[in-house]
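The values are calculated or read from the model by the stated rules, or taken from the named source; none is laboratory data. Not measured: the values here are computed from a predicted model. Positions of Cβ are generated from backbone atoms using ideal geometry, with glycine treated the same way; all protein chains shown enter the neighbour counts.
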Amino acid sequence: MQEVRRLCFSLFAVCLFDQPEEVKGHTFTTVRTPTERRRSPGQTEDSSRKDEASLRRLCSVSDSMELYLDLISPPCRSVFLFAKVLQIPFDFKLVQLMTGQQYSEEFGQINLIKKVPVMKEGSFILTESVAILKFLAQKHASSAADHWYPADLRQQARVNEYLSWQHLNLRVHGSRVFLLWAFYPLVMGSEVPKKKTDAAVEDLKQSLNLLEEKFLQDKPFIIGDQVSLADLVAIVEIMQPAGTGLDVLEGRPRLIAWRERVEQEVGKQLFAEAHASIVNASSVLQEMQSSSSSHLQALVPRFQKVLHHFSLI
Ligand SMILES: N[C@@H](CCC(=O)N[C@@H](CS)C(=O)NCC(=O)O)C(=O)O
């Protein structure tokens, strides 16, 4: 019994580990209405609702935004970071991937694809991180710095070029390395075959070579002198294998300097906040691996699905 409790704790810990303060204790099932959120002490629900209604009429306040996220996921981190950088208020709805909340009926009604991130504004639901990032950039174009998603057609096309490329390259290759190191021994009950790790590391190396030689070159950022969504989407993927204690940028001074610049642009504290759960994932996963295997068996089908999705088994 104690073992089960320890395992459950570990699973939750992977997701809750150092999540931002506002995230702790929230699940996507926790619903607080905008009225409740904005009601000041002493204000009645009725007067608060009236205030809100008139505010909406006067200022055309749009529906408040909900983001369904788990910061263990790179696409979720890019959306989280961008919303924070632009200072867009949102409700963080935690969908704990490691406990399978994405497969719940309730989340299925929000996203039939059963994946995070998801953005919800009233009845408008948007999936796919890249679509969400562009939507936020365009919606907040008047207040957001232009460089994140430039209005200039050619500059914007450069951002889109990277965003289109990364899906089947850095995204897949970074995740494969993370999943092999983190999940494979857990799911298969054996060490990862050397052939698999060699192939995964080689693919990731190729992706990093292309990031460096084709996209970054000698520029400070992917599209030139200023940071953009392309850098943001790249950096969160590069941080994923770091969750297994692997520094994939070792021996790549140009990319190390670029990572430093992107962190600086995002803000060191915010960057660390977004990556805390993934950076600590390796120790939590090691603890899981050393715990009783009989309880882990229950989780195996779920992990198998993920490994299969990434063509790892
Ligand atoms: N193309 C999607 C990918 C989203 C995605 O793969 N999300 C993963 C986490 S990184 C997920 O929710 N996985 C849950 C599952 O497959 O069970 C995007 O960019 O938003």
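Could you give me the residue pairs with C-beta distances under 8 Å whose first residue belongs to segment 186-211 and is surrounded by 12 or more Cβ atoms within 10 Å (Cβ to Cβ), whose second residue is among the charged types (D, E, K, R) and part of a loop (DSSP other than H, G, I, E, B) wherever it lies, and which are 6+ apart or on separate chains?
Sorted first by the residue in segment 186-211, then by its partner, the pairs are Leu208/Arg252.
Name the residues in segment 260-280 that are touching a Gly at 6+ places or on another chain (Cβ under 9 Å) and not in a helix (DSSP H, G or I), would you?
Asn280
Output the number of residues of segment 258-284 satisfying the condition of being free of Cβ contacts under 8 Å to residues at least 12 places away in the same chain and either surrounded by fewer than 13 Cβ atoms within 10 Å (Cβ to Cβ) or closer than 25 Å to Tyr184 by Cα (or both).
Here the count works out to 5.
Can you list residue pairs whose Cβ atoms sit under 6 Å apart, with the first residue in segment 297-313 being farther than 21 Å from His167 by Cα and at pLDDT 80 or above and the second being more than 10 Å from the ligand (Cβ to nearest atom) and hydroxyl-bearing (Ser, Thr, Tyr)? Count only pairs 6 or more apart in sequence or on different chains.
Cβ pairs passing all conditions: none.
Can you pull out every residue in segment 137-169 that is aliphatic (A, V, I, L, M) and closer than 22 Å to Asp225 by Cα?
Within segment 137-169, Ala137, Ala141, Ala144, Ala145, Ala151, Leu153, Ala157, Val159, Leu163 meet the criteria.
Checking Arg176 against (1) within 15 Å of the ligand (Cβ to nearest atom); (2) surrounded by fewer than 21 Cβ atoms within 10 Å (Cβ to Cβ); (3) not aliphatic (A, V, I, L, M), only one condition comes out false. Which one?
(2)
For segment 85-100, what are the residues that are within 14 Å of Tyr68 (Cβ to Cβ), in contact (Cβ under 8 Å) with a residue 40 or more places away in the chain and either in contact with a Leu (Cβ under 9 Å, 6 or more places away or on another chain) or among the aromatic types (Phe, Trp, Tyr) (or both)?
Asp91, Phe92, Lys93, Leu94, Val95, Gln96
For every residue, the table says whether it meets (1) outside any helix (DSSP H, G or I); (2) in the same structural domain as Gln156 (by TED's automatic domain parsing); (3) within 20 Å of Leu81 (Cα to Cα).
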residue	(1), (2), (3)
Val172	no, yes, no
Leu179	no, yes, no
Leu186	no, yes, no
Val192	yes, yes, no
Asn209	no, yes, no
Asp231	no, yes, yes
Glu237	no, yes, yes
Leu246	yes, yes, no
Trp258	no, yes, yes
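Let me confirm something: among Leu204, Leu186, Leu168, Leu180, which residue is of a type in the set (A, V, I, L, M, F, W, C), under 20 Å from His308 (Cβ atoms) and over 22 Å from the mean Cα position of the chain (by Cα)?
From the options Leu204, Leu186, Leu168, Leu180, the qualifying one is Leu186.
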